[in-house]
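I have placed the structure first, in the form of structure tokens, so that the comments after it can refer back to it.
The values are calculated or read from the model by the stated rules, or taken from the named source; none is laboratory data. Just so it is clear, the model here is predicted, and its values are computed rather than measured. Methodologically, a virtual Cβ is constructed for each residue, glycine included, from the backbone with ideal geometry; neighbour enumeration extends over all protein chains shown.
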Amino acid sequence: MRMRAKDKTFDRLPDPSNGLTVTDQHGSSIHRSEPALPGNTCRVNRDVKSDDDTIAHALAILDARFREGSALTSPGAVRDYLRLTLAGREHEVFVTILVDAQHRVIAFEELFRGTLTQTSVYPREIVKVALKANAAAVIFAHNHPSGVAEPSHADELLTRQLKEALALVDVKVLDHFIVAGRHTLSFAERGLL
């Protein structure tokens, strides 16, 4: 298996530590050590200088997909976006993605910020934000700086309270994600909603 990059051909994608960024035919950055797929072409971009630049570039791509008006069509894209935006935080944060009836993003709001192990979340404030945005549904997410993606009893209780409070004003809770390092847990996939 071989991949062409401008005037070079690779059996494997270039090592990202050499300062090169490989982009696919859609302009998305590729940094993997797996063999290249047959028939794929790519460009080498010498502008990217570090892993931080690569991460910033990936965040910009995902952020563009989450701009106001973008439809959330893939749980994987939501998971990736949340992982990139929340995983590196040294303190807990609670965020809400507000969406309309067609699941187009209205807003991404960081509503609460806490300490290393906890954050206070107020259901009244979340209801106010959802109503102000005229949201039909929400997706919640918070991070666990400890690196453990398992929900605590308090996480489960809070999610139930938020779901009940928002149901009173006809706003549906689609999911609640916990981001812990490279791991992401979905309450909906676990049957906790």
Task: Tally, over region 128-156, of residues that are modelled with pLDDT of 95 or more and more than 21 Å from the chain's Cα centre (by Cα) - done: 4
Task: Enumeration of residues in region 74-84 that are closer than 12 Å to ILE55 by Cα and either outside any helix (DSSP H, G or I) or at pLDDT 85 or above (or both) - done: ARG83
- [ ] Considering every residue within region 106-114, establish whether at least one is among the β-branched types (Val, Ile, Thr), modelled with pLDDT of 90 or more and outside any loop (DSSP other than H, G, I, E, B).
- [x] yes
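Per-residue answers, yes or no, for (1) farther than 14 Å from VAL95 by Cα; (2) part of a loop (DSSP other than H, G, I, E, B); (3) out of contact with any Phe, Trp or Tyr (no Cβ under 8 Å at 6 or more places or on another chain):
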{"site": "LEU131", "(1), (2), (3)": "yes, no, yes"}
{"site": "VAL138", "(1), (2), (3)": "no, no, yes"}
{"site": "VAL148", "(1), (2), (3)": "yes, yes, yes"}
{"site": "LEU157", "(1), (2), (3)": "yes, no, yes"}
{"site": "LEU174", "(1), (2), (3)": "no, no, yes"}
TODO: Return yes when VAL169 is under 23 Å from VAL105 (Cα atoms), hydrophobic (A, V, I, L, M, F, W, C), exposed (fewer than 14 other Cβ atoms within 10 Å of the Cβ) and in the same structural domain as VAL78 (by TED's automatic domain parsing) and no when it is not.
DONE: yes
